[in-house]
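The values are calculated or read from the model by the stated rules, or taken from the named source; none is laboratory data. Note that this is a predicted model, so its numbers are computed, not measured. All Cβ positions, glycine included, derive from the backbone under ideal geometry; neighbour counts span all protein chains shown.
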Amino acid sequence: MFSKNSKERGYKGSVSIISSNGRLQLRFHYGGKRHYLSTGLLDIPANRKLAEFKAAEIEKDILYERFDESLEKYKPRSSLSTVTPVTPIHKQKPHLDELWNKYSEFKKPQISPSTFAKDFAKHRNHIAKLPTRSLDEASTIRDYLLANLTPDAAKRCLTQFKACCNWAMEEGLIDANPFAAMKIKAPKGTTEEQDINPFSKEERDLIIRTFASDRYYSHYTNYVRFLFFTGCRPSEAIALKWKHITTSVVQFRESVVVSEDGLVMKEGLKTQIKRDFPINSELLEILDEIRPEEAVPEALMFTSPKGKFIDHHNFSHRAWKAILAKCSIPYRKSYQTRHTFISLCVESHINSTAIGRWTGTSAKMIDNHYCATNFTNLRPPNLS
């Protein structure tokens, strides 16, 4: 701070105060030798005064011939006690990947196995590809997400990073959330529940017949029939056991989800704990056809060809895609079996509350997303 010496080439026995690397030193000659004595003080006005006092003390001792040649008398003590500057120890900030691993372990018991296996793993993979994981470069991380992901995926990823860092602040791992003020605007998309493009009755029946006659995928015929005639979610159908079938209803109580260990059974459904579906004549025909002579209560109703859980993801990408191509039907996701059932119920003027109870969705959802759709078979009445 003070670059000029306070005393330059003074009288014999004078002590100069100089600045070296931002610290104050005392320089003087005695006995034909040049001496340097570090005060350990930062070069600021207040410390200059202290250094001047020490310089005056040395000059007086030289003048009265009582100078301590060992210099012990003049070495820093109390306010001049530190010769070596003390550098504060700054705790290194954890990186985003470290925080995400800790946050994931914290959240794991609180979320479904499928959410942890799919969503948390997905974000961990995004973090692994980032050009930096330093929280000091949060804007670089955001820009990378925008440049390499869809706006919707980038927004979801950034939202999770914010949640992670909020948790880290609460745990005392970091002092501030660098993502807190960041926003990504994404166009409103449609979820699988809202992506409604149902099949007609004719398309539905053609798909079922084609499955039944196919040499590779006929095993899945009744699974597909069940999806079309109940409107249940695939995860709910795959979890059904014979103990869930009564004389009057199908009891949906469990679902099969993806976890770190593969497909696992979990209690409850996507949006509710349980649901009952009334058995009508069409569904009874399907159940009678697949029911073994001695149905074991804990046995699965629908299995893969090897007797395991149906992997609906693989089913969709192989069997479903192949059969639609064979039918010359434009590709639509297999989840449209659910939309087809609900749409046909709406066309038949069934109360939306009843449909919602059968399928595990709300009447509002049905009114907003199904009743406003232009269905292929829906025609206005004759008004004359």
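Of the residues Ile62, Ile58, the single one that is more than 55 Å from the chain's Cα centre (by Cα) and modelled with pLDDT of 85 or more is Ile58.
Would you confirm whether or not the range 175-197 contains a residue that is touching a Ser or Thr at 6+ places or on another chain (Cβ under 6 Å) and surrounded by 15 or more Cβ atoms within 10 Å (Cβ to Cβ)? Within the range 175-197 (the criterion being touching a Ser or Thr at 6+ places or on another chain (Cβ under 6 Å) and surrounded by 15 or more Cβ atoms within 10 Å (Cβ to Cβ)), the answer is yes, since at least one residue qualifies. Against the conditions (1) over 15 Å from the mean Cα position of the chain (by Cα); (2) in a helix (DSSP H, G or I), Thr159 satisfies every one except (1). Give me the residue from the range 353-365 that is of a type in the set (S, T, N, Q) and modelled with pLDDT under 90 and, out of that set, surrounded by the fewest Cβ atoms within 10 Å (Cβ to Cβ). The selected residue is Ser362.
Taking each residue of the range 118-131 that is farther than 19 Å from Lys162 by Cβ and looking for partners that are surrounded by fewer than 17 Cβ atoms within 10 Å (Cβ to Cβ) and among the basic types (Lys, Arg) with beta-carbon atoms closer than 6 Å, six or more apart or interchain, yields nothing.
Asp276 satisfies every condition listed in (1) within 25 Å of Ser343 (Cα to Cα); (2) assigned to a helix (DSSP H, G or I) except (2). Do we have Ser281 as over 30 Å from Ile111 (Cβ atoms), at pLDDT 85 or above and of a type outside the set (A, V, I, L, M, F, W, C) here? Yes; evaluated as a whole, the condition is true for this residue. In the range 135-157, the residues that are free of Cβ contacts under 8 Å to residues at least 60 places away in the same chain reach residues that are of a type in the set (Asp, Glu) and assigned to a helix (DSSP H, G or I) with C-beta atoms within less than 9 angstrom, at least six apart or across chains, in these pairs: Arg156/Asp119. For Ile279, the criteria (1) more than 24 Å from Ser362 (Cβ to Cβ); (2) over 38 Å from the mean Cα position of the chain (by Cα); (3) crowded, with 16+ Cβ neighbours inside 10 Å; (4) of a type in the set (A, V, I, L, M) hold in every case but one, which is (1). For Thr271, state whether it is part of a loop (DSSP other than H, G, I, E, B), free of Cβ contacts under 8 Å to residues at least 60 places away in the same chain, within 21 Å of Ile355 (Cα to Cα) and not aliphatic (A, V, I, L, M). The answer is no for Thr271.
Of Ile323, Ile350, Ile342, all but one fail to be on the phi < 0 side of the Ramachandran plot and at pLDDT 95 or above; the exception is Ile323.
Every residue, every condition in (1) surrounded by 12 or more Cβ atoms within 10 Å (Cβ to Cβ); (2) of a type in the set (D, E, K, R), yes or no:
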| site | (1), (2) |
| --- | --- |
| Val249 | yes, no |
| Ser255 | yes, no |
| Arg275 | yes, yes |
| Pro297 | no, no |
| Thr303 | yes, no |
| Lys306 | no, yes |
| Asn314 | no, no |
| Trp320 | yes, no |
| Pro330 | no, no |
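Tell me, please, whether a residue that is assigned to a loop (DSSP other than H, G, I, E, B), of a type in the set (Phe, Trp, Tyr) and out of contact with any Ser or Thr (no Cβ under 7 Å at 6 or more places or on another chain) can be found in the range 335-353. Looking through the range 335-353, at least one residue is assigned to a loop (DSSP other than H, G, I, E, B), of a type in the set (Phe, Trp, Tyr) and out of contact with any Ser or Thr (no Cβ under 7 Å at 6 or more places or on another chain).
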